[in-house]
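Down below is the structure, laid out as structure tokens.
The values are calculated or read from the model by the stated rules, or taken from the named source; none is laboratory data. This structure is a prediction, so every number in the text was calculated from the model and none was measured. Note that each Cβ is placed from the backbone with ideal geometry, even for glycine, and that neighbours are counted across all protein chains shown. Ligands, DNA and RNA are excluded from the accessible area calculation, which covers all protein heavy atoms including side chains. Shrake-Rupley method; radii C 1.70, N 1.55, O 1.52, S 1.80 Å.
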Amino acid sequence: MNYQTILLWFAGIIYIFLLFLILLKGRNDKTKIVYSFHIMSVIAWTLGLSFFYYTQDESRALFWIKFVYLSGSFIASSFLHFSYIFKADIKVPIIKKYYIYFPNILLVGLSFFTPFAIKEVIIYEGTKVFTFGRLQFLWEIQFGLYFAYTFYRFLKIQKKHDTINKMRIQYILIGTFIALLFSFIFNVLFPHLEIFKYLWVGPILSLIWLIFVVYAILKYRIMDISIAITRGTLFGIIYLSILIIPFGIAIFGEDALAANLGGKWWIFPISISILIASLGPGIYAKLREKAEWTLFTEQKQYQETLVELGKQMTLTKNTNELLSWITRTVTINVGINYTRIFLWDEAKKEYTFRKGYGVERRKQYDIKLNKKNPLIMYLCKKNEPVLREEILNYFRENDGEDLAKTKKHIRNTGAELIVPAMIKDKMIGFMTLGMKKNKRIYTPEDIDMFKILSSQAALAIENAQFHEKVKESEAMLVQASKMSSIGQMASGFAHNINNPFNSILVNADYMKFIITEGGEEGLNEEDIKELEENISAIMDSAEKGGQIVKNIMRFSKPGTGEKKVIELKEIIKESLKLSESKIKEVKADVEMEMDNKIKVFGDDIQLEQVVMNILTNAADAVSEKESERKIFIKTHKDKDKAIIEVKDTGSGISEKDKERIFDYFYTTKRNAGTGLGMALSYQIVKAHDGEIIADNSEEGGALITVKLPLS
């Protein structure tokens, strides 16, 4: 058995393996079935040529070489048939199949029943040679025209379809060109030049073509053609080295090897081939890594940027800011047209559009999808980034009824890639990515990177949403605390408001008396003067009552959270107005030592609430004392901090209460307190980058210290 036969059988085994690979991936897919027939023709060509080399009988060799060339004609016909159903997955009419395969029937008759295709095979000095008949040119015309027309069809299809299928067609065209070049040189040109020694090379090198096309058919997540060519070229160099060096030894050193090793001379070149093959993978991996880094520096850089983005996302606590950051970073760094993010809306029970960035190629509709939508169910099931074509192929093969609806939803988002954000089995949202500006496809490396990014984004979004819910709850508690404080001081407020109202009533009644007493004689100067005094008193009382109501209304409104530069003395002043009724109710005296030049940066309403909570607690504490009910307020600076100290003459804070004074719902006032005041004061001061400390003074009463950064 010669080395050509061994190599051809080896190639045939690889072709058969690829055939089973395609069939196992989808027997009912028409594209795969037709291409399987195409591979069968290639297998027939390869194994037929192996039998041609194996046999030593001229008549059998003539049969097998005719079989080889007929297989070649079926290769051309089946490839043309494949071009009709590629992507469309449609059934080709019988009449069209007849036209495609009719020349093959003629060539069968011409080859096996006449000598006009191949006349004879002669074995001359161990080499088989054959002569073509007068009509062999018909085979060459059929073979050449069919492949030329197939090329034309694929180029035409390429213009109409999306990026993924364009990339598939590029694989098919490049692979086919490689195979045609080898086939033309070794199986058409060389035989016409009466060089028959290298017929076996065509099927061997055509493996490259078949691998290209099989990859294009089976892979939805097809790699960028530039990467494939780079890898293919490097692989080809290694592969050819494994072939050429040993076979160069075999071809040019056959006589010398046979003289020294006898009939087993072929073991030496095969051993050399095995040695080179064992070193090949390591060399290939090193060269591939360097070549791809050089070619795809930009892609590697944006992948590194997105990895860094994933690390930083959890630091953002605002959902809108986080979504803006993600969409902007992805769109700019990956170089795509636009990015959109949809999040689950618990209130509406659907996924709604939340944030987008970039220039969209078409009008994007405001789609809303619930959990029972086929696309959403597929994304949840898939649980990883999916290409548009991959989604559509799934629905074509498994769920044709929902195909039109899914197409519409994907078209409305303009997505080339959809990235679900999952936490365990729950999809909190998904991101849709448009086409890359450089028209390249999303590579498997891109998809793996987005899979990692989506997990990090899901956690970051959930964290931001949780943080916002906590802030909303705190805001509600702050408002509840305000209302509770107003309720507790309601009697004092009522007293303060009643006083000016009573004054108004008394002065108005006296004015009525003066006017009545004047009678018909009219009012004298003294009466007019008294009326003016009463009017002034009424106006003062009305203004005082209005100011009290205004203060209550201002305090009771929800805070805006807006921070500005404010004078600390104004915070103390407004807080005293709010707690004045409570302080007067317990008959406490207030002493102050103020630095009037201190300014801080913060929310005045929130800081007023903190001071008012401290003052009302101090008033409650001194109310238990029989004598010396005093509250001391002091403001001063300590380095870069503004200090507020509120000290009372109460009984102080117990060690047990010190540990829990800032806990929510903890109170020492029995039924009178809500347990919110000091807990919320702690949160407010903390939000202002400050510190609040509860302790006892040397005299024994409570001492509350608030430290805030100076403006």
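State whether the residues of region 632-644 include one that is free of Cβ contacts under 8 Å to residues at least 40 places away in the same chain and over 15 Å from residue 706 (Cα atoms).
Within region 632-644, the first condition is being free of Cβ contacts under 8 Å to residues at least 40 places away in the same chain, and the residues that meet it are 639.
Checking which are over 15 Å from residue 706 (Cα atoms) leaves us with none.
No, region 632-644 contains no residue that is free of Cβ contacts under 8 Å to residues at least 40 places away in the same chain and over 15 Å from residue 706 (Cα atoms).
Conditions (1) touching a Ser or Thr at 6+ places or on another chain (Cβ under 9 Å); (2) polar (S, T, N, Q); (3) farther than 26 Å from residue 337 by Cα, marked per residue:
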{"site": "403", "(1), (2), (3)": "no, no, no"}
{"site": "406", "(1), (2), (3)": "no, yes, no"}
{"site": "409", "(1), (2), (3)": "no, no, no"}
{"site": "412", "(1), (2), (3)": "no, yes, no"}
{"site": "416", "(1), (2), (3)": "yes, no, no"}
{"site": "421", "(1), (2), (3)": "yes, no, no"}
{"site": "424", "(1), (2), (3)": "no, no, yes"}
{"site": "427", "(1), (2), (3)": "no, no, no"}
{"site": "436", "(1), (2), (3)": "yes, no, no"}
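Just for region 443-452: of the residues that are open to solvent by 10 Å² or more (accessible area, probe 1.4 Å) and within 19 Å of residue 338 (Cα to Cα), which one is modelled with the lowest pLDDT?
By that ranking, first place goes to 449.
Which of the residues that make up region 582-628 are surrounded by fewer than 18 Cβ atoms within 10 Å (Cβ to Cβ) and of a type in the set (Asp, Glu)?
Of everything in region 582-628, those that are surrounded by fewer than 18 Cβ atoms within 10 Å (Cβ to Cβ) and of a type in the set (Asp, Glu) turn out to be 585, 589, 591, 593, 595, 624, 626, 628.
Can you confirm whether residue 625 is assigned to a loop (DSSP other than H, G, I, E, B), of a type outside the set (A, V, I, L, M) and more than 15 Å from residue 575 (Cβ to Cβ)? Walk me through it before giving the result.
Numbers: assigned to a loop (DSSP other than H, G, I, E, B): yes; of a type outside the set (A, V, I, L, M): yes; more than 15 Å from residue 575 (Cβ to Cβ): yes.
When the stated conditions are applied, residue 625 passes them.
Quick check on my filter: what residues within region 679-693 are more than 17 Å from residue 562 (Cα to Cα) and either part of a loop (DSSP other than H, G, I, E, B) or open to solvent by 20 Å² or more (accessible area, probe 1.4 Å) (or both)?
682, 691, 693
Confirm whether residue 645 is open to solvent by 10 Å² or more (accessible area, probe 1.4 Å) and closer than 20 Å to residue 692 by Cβ.
When the stated conditions are applied, residue 645 passes them.
Please determine whether any residue of region 31-52 is open to solvent by 40 Å² or more (accessible area, probe 1.4 Å) and modelled with pLDDT under 85.
yes
Tell me which of these residue 110 doesn't satisfy, since it passes every other one: (1) modelled with pLDDT of 75 or more; (2) surrounded by fewer than 16 Cβ atoms within 10 Å (Cβ to Cβ); (3) more than 30 Å from residue 444 (Cα to Cα).
Residue 110 satisfies all of (1) modelled with pLDDT of 75 or more; (2) surrounded by fewer than 16 Cβ atoms within 10 Å (Cβ to Cβ); (3) more than 30 Å from residue 444 (Cα to Cα) except (2).
Select from region 179-215 the residues that are among the aromatic types (Phe, Trp, Tyr), modelled with pLDDT under 70 and crowded, with 21+ Cβ neighbours inside 10 Å and list them in ascending order. Walk me through it before giving the result.
Within region 179-215, the first condition is being among the aromatic types (Phe, Trp, Tyr), and the residues that meet it are 182, 184, 186, 190, 196, 198, 200, 209, 212, 215.
Right, trim to modelled with pLDDT under 70 and you get 209, 212, 215.
Within region 179-215, 209, 212 meet the criteria.
Which of the residues spanning region 394-435 are more than 17 Å from residue 356 (Cβ to Cβ), open to solvent by less than 10 Å² (accessible area, probe 1.4 Å) and in contact (Cβ under 8 Å) with a residue 60 or more places away in the chain?
Hit for region 394-435 is 427, nothing else.
Just to be sure, is residue 340 at pLDDT 85 or above and over 17 Å from residue 420 (Cα atoms)? Give the derivation first.
Working: at pLDDT 85 or above: yes; over 17 Å from residue 420 (Cα atoms): no.
When the stated conditions are applied, residue 340 does not pass them.
Counting only residues that are under 15 Å from residue 372 (Cα atoms) and outside any strand (DSSP E or B), how many does region 325-352 have? Don't jump to the end; show me each part of the working.
So the first thing to find is which residues in region 325-352 are under 15 Å from residue 372 (Cα atoms), and the list is 344-346, 348-352.
When the remaining residues are screened for being outside any strand (DSSP E or B), the result is 346, 348-349.
Final tally of qualifying residues: 3.
Report, by residue number, each residue of region 397-446 that is of a type in the set (Lys, Arg) and either more than 18 Å from the chain's Cα centre (by Cα) or on the phi < 0 side of the Ramachandran plot (or both). Don't jump to the end; show me each part of the working.
Here is the first cut: in region 397-446, the residues of a type in the set (Lys, Arg) are 405, 407-408, 411, 424, 426, 436-437, 439-440.
Selection gives 405, 407, 408, 411, 426, 436, 437, 439, 440.
I want to confirm something. Restricting to region 63-104 and keeping residues that are open to solvent by 40 Å² or more (accessible area, probe 1.4 Å) and over 18 Å from residue 149 (Cβ atoms), which single residue is modelled with the lowest pLDDT?
89
Do you know which residues across region 324-347 are among the small types (Gly, Ala, Ser) and under 21 Å from residue 376 (Cα atoms)? Spell out the reasoning first.
Restricting attention to region 324-347, the residues satisfying the condition of being among the small types (Gly, Ala, Ser) are 324, 335, 347.
Passing the criteria: only 347.
Tell me which residues, restricted to region 570-617, are in a helix (DSSP H, G or I) and among the basic types (Lys, Arg).
573, 577, 582, 584 - these are the residues of region 570-617 that are in a helix (DSSP H, G or I) and among the basic types (Lys, Arg).
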